[in-house]
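Q: There's a structure below that I have some questions on.
The values are calculated or read from the model by the stated rules, or taken from the named source; none is laboratory data. Small disclaimer: the values here were computed from a predicted structure and weren't measured. As a convention, Cβ positions derive from the backbone with ideal geometry for all residues, glycine included, and neighbour counts pool all protein chains shown. Note: areas computed on protein heavy atoms with side chains; ligands, DNA, RNA excluded. Shrake-Rupley method; radii C 1.70, N 1.55, O 1.52, S 1.80 Å.
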Amino acid sequence: LLLVMLWISYKLFDIWIPSMKMPAPSQYTYEDMIKANDDDIWEPAVRTHNPTQPQEDVHHEQELEDKLEYVDKLGEFGVAVELPEISDLVTRQKVDGGYQRHAFNEYVSNMISYHRALPDVRDPRCPGIPTDLLPPTSVIICFHNEAWSTLLRTVHSVLNRSPPDLIEEIILVDDYSELEDLKEELNLYMFEFEKVRIIRTAKREGLIRARLLGSQAATAPILTFLDSHCECTDGWLEPLLQRITDSGWNTVVVPVIDIINADTLEYKSPGENLSKGGFDWQLMFKWIPSETDNSIMPLATATMSGGIFSIDRDYFNHLGGYDPEFDMWGSENLELSFKIWMCGGTLEIIPCSHVGHIFRSRMPYTWAGHPNSSAFRKNSIRLAEVWMDDYKKYYYEIVGHDQQLDIGDLSERKKLRQRLRCRSFQWYLENIIPELFVPDNSFATGQLRNVGAKTCLSPSYKLNSTVKGVAMQHCSHSTARQWPYWMYSHQSEVRYSTGDCLTNLDETHKVLLDRCHGYGRGQSWILRYHSKQLLNAISSKCLGIAEDGTSVEMQICDYEDPKQRWKFVKHKKE
Ligand code: UD2
Ligand code: MN
C-alpha cells in the first residue's frame, strides 16, 4: 500500500511540477550578474522572445510554452533579483551610481528583460472582455532622465500586453532629459515601432506641462497616462476602457497600482487589501485602506495617486486639463481629482486592471536649481487657492504663510471653476471623503510644545514606515516653514496632520504614531486643563520627556514635573 501511495504521489507531483516551475534567480552566479551589466549596459542580459513579433495570435498552449521558456531568466514572473554581497569596487560604484541617478536599483533593472513575464495577479472572477466595441487609446508617458531599461520595459509592457487595436499610439514626452542615450539612441530604438511617437520639450517643463503637451498631441478618444517606470500586466487596458464606455465620458478610471520593488524589481500585488486615494492637510496624496474587501466592482476613490489613469480626451479638456502653471511635480493629481468630483464626474479604481510602478523614497531630479519643495509648494498653494474655499486655511496653518513665493496669476483657473459650475469643497469633503478628519473638529491645533523643555513634539522616522516614532525637536519659529502640526480632536485623540495618532502601546511606556483607529484606548488622551498634563486613557500615565531629553515616553504622572506639561501653539500670522 505504501508503495502504491508513493507511486501515486510521485505521479501527481510529476504532473504538477511543470506548472509550478518558477524561476530561480539564485542559480545565477555573481559573475553572471556582473557580466550582465558589463556586456552592454543598455541591452538586457537575457533576450527573451523577438520583440517585434506581434502577440495577438499566440495560441494558449504556445503562450504557455513561451512562458516556460522564460523560466530561469532573471526577474521573470516578477521574481525578486537579489544581488549578492558586492566586494569589488567597480561593481559597487555601478550599483551606487544607478541608485544616485534614479533612486531605484538601475543595475538590477538592466539585468531584466524588457519583455519579462509578470504573474497574473487578477482576481479569477475578472471576466474576459471583448475588445471590438472598445475605443482606442493614446498612451502618454512623460519622462525626465528616466533609466533606459525601465523606460523600455514600460513601453514594451504596453505593446506586449494590450490588444493592438486598442493602442492607437504611445506618445513619449521627453521632458528635456540630459541623459544622452535618451535622445538619438531612443529615436533609433523606437524607429521600428510604428506606434511610438517621441515628443521633446524645448526646455524643462515639468511633468504637468509635459503631460499637457502629450494630451494635445494625442489623437485617440481616450488618454491613458503612465509613469516611465511602470509595467502593465495582462488585461490591464480592457477593463479601463470598458468602464469609460459603459458609464460615460465623465468617468475617470485608475487601475490597481502594484508595487515594483525599488531594490529587487520584484512585482507584488497588494492582493485583497485594496487601497483608495485620499490626502492630508499638507496636501499630500495618501493611500487609505478601503473598507470594501475583495470585490471586483469599480471602487469610488476620492483622489488618484496621479501617474496611471485613463480619461476621455474631451472630458480632460472640458475640465481644463491641468493647471499649466504647475511646475515640475505634484498637486496635479489632487487638482484633477477635486475637479472631477466637484464638477460632476466620477473617479474610480478598477480592481481587474493592474499596473506595476516603481515607488521610490526620494526624488532623483531637481528643478531650476531651486530646492524641489518650492515648486511643489507653489502648486499646492495654487491648488488650495482655486479649489479649497475656506478650507485652504488649514493648509496654511500647517505649512505657514509664505509671502515670498510668486505663485502667478490665478484668475484663469478661478474662471474655469465658475464656468464649470463646480460644487463647493465642503460638499466634496462631506460626500466624497467623509472619513477625512477636518481640523475643525478639534479643541486645539498647532505645534505641541513642552512647557518645561521648550521643545516641540515631532514625528521621527527612525522606525519602519508603518509605525513611526515621535521625538522632541526645536520648535520652529519661522512663519514660512512647515511645522509639525497636531490636532487635539473632539474624540480626545492627538492627531498628526497626516492622519496618524499619538498612541500609547498597551501597558508599555512606549509612545508612537499609528494610524488613527477611532476606538480610543491607547489613542485617547486627556489634556488636563490646570496641570497641562497629557494623560493616556489606557495606561493612566502621563506623556513626558525621557532622561536623554529627546525621547518621549509614558511616565507616572507628577504635577511637579514641568516636562509633563504640554501646550498647543499656533503659527502667528504676519
Ligand atoms: C506620483 C505619480 C506621478 C505624479 C506625482 C505627482 C503614480 C504612480 N505616480 O509620483 O505620476 O502624479 O505623483 O505629481 O501615481 N517627470 C517629468 N518631468 C519632471 C519630473 C518628472 O517628465 O520634471 C516624469 C518622471 O520621469 C515620471 C513622472 O513624471 O515618469 C512622475 O514622476 P515620479 O515618478 O518622480 O513621481 P511619483 O511616482 O513619485
Ligand atoms: Mn513614478
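Q: So, in Å, what gap is there between the alpha-carbon centers of segment 160-239 and segment 521-539?
A: If we compute the Cα centre of each part, the gap is 54 Å.
Q: Then there's this: Whose amide H sits under 5 Å from the amide H of H357, counting only residues 5 or more places off or on another chain, with H placed in the peptide plane?
A: Long-range HN contacts for H357: E231, D258, I259, I260.
Q: What order do you get for 361-367, 332-338, 240-246, 468-474 when each peptide is scored by the mean count of other beta carbon atoms within 10 Å, highest first? Can you show the working numbers first?
A: Details: 361-367: 13.6, 332-338: 23.7, 240-246: 20.6, 468-474: 17.6.
Sorting 361-367, 332-338, 240-246, 468-474 by mean packing, highest first, produces 332-338, 240-246, 468-474, 361-367.
Q: Determine, at each q value in 0.16 (inverse angstroms), the log₁₀ of I(q)/I(0) that the Debye formula gives when each Cα of segment 140-195 is one equal point scatterer.
A: -0.47
Q: Using a Förster distance of 56 Å, how high is the FRET efficiency between Q216 and R125, based on the Cβ-Cβ distance and rounded to 0.05?
A: Values: r = 39 Å, r/R0 = 0.69.
Efficiency for this residue pair is about 0.90.
Q: Would you pull out the residues with amide H under 5 Å of I171's amide H, same chain only if 5 or more places away, H placed 1.01 Å from N?
A: Long-range HN contacts for I171: V139, I140, I141, R197.
Q: Continuing with the same structure: What spacing in nm lies between the two simple spin-label points modelled at T366 and E435, each 7 Å away from Cα in the Cβ direction?
A: About 4.0 nm, to one decimal.
Q: Right, something else. For E430, E185, what's the largest-to-smallest order of accessible area, 1.4 Å probe?
A: Of E430, E185, the descending order of accessible area is E430, E185.
Q: Sequence-distant or interchain residues sharing an amide H contact under 5 Å with I288, placed H: which?
A: Here K276, G277, G278 satisfy the definition.
Q: Let me ask something additional. In whole percent, how big is the carbon plus sulfur part of the accessible area of segment 130-258, probe 1.4 Å, protein atoms only?
A: The C+S portion of the solvent-accessible surface of segment 130-258 is 52 percent.
Q: For segment 516-574, what is the accessible area per residue in Å², given a 1.4 Å probe and the full set of protein chains?
A: Heavy-atom SASA per residue in segment 516-574 reads 61 Å².
Q: Given a 1.4 angstrom probe, what's the average accessible area per residue across segment 297-383, in square angstrom? Don't jump to the answer; show the numbers that get you there.
A: Numbers: 2520 Å² over 87 residues.
It amounts to 29 Å² per residue over segment 297-383.
Q: Now for a separate question. Working with all protein chains in place, sort H517, H156, H370 by solvent-accessible area computed with a 1.4 Å probe, largest first.
A: Values: H517 75, H156 0, H370 105 Å².
Largest to smallest exposure gives the sequence H370, H517, H156.
Q: As a quick test, which of the pairs K268/K468; K378/K532; K73/K183; K541/K570 have an alpha carbon distance above 32 angstrom in this structure?
A: From K268/K468; K378/K532; K73/K183; K541/K570, over 32 Å: K378/K532.
Q: From the protein chains alone at 1.4 Å, what is the descending order of accessible area for L172, L133, L410, largest first?
A: From most accessible down to least: L133, L410, L172.
Q: Of the heavy-atom accessible surface of segment 342-429 (probe 1.4 angstrom), what whole percent is carbon and sulfur?
A: In segment 342-429, the share of accessible area belonging to carbon and sulfur is 46 percent.
Q: Let me ask something else about it. Go through segment 308-320 residue by residue and turn each phi into a ³J(HN,Hα) via Karplus (6.51, -1.76, 1.60, θ = phi - 60°); whole Hz please, and just put x for glycine and proline.
A: Karplus values, whole Hz, x for Gly and Pro: 10, 6, 10, 8, 4, 4, 5, 5, 4, 5, 4, 7, x.
Q: Just the accessible area per residue of segment 75-226, please: how many Å² with a 1.4 Å probe?
A: 40
Q: If I compute solvent accessible area with a 1.4 Å probe over the protein chains, what percent of it on segment 524-574 is carbon and sulfur?
A: Carbon with sulfur: 50 percent of the solvent-accessible area.
Q: May I pose another question? Rank-order 145-155, 444-454, 548-558 by packing density, defined as the average count of other C-beta atoms within 10 Å over each peptide's residues, highest first.
A: 145-155, 444-454, 548-558
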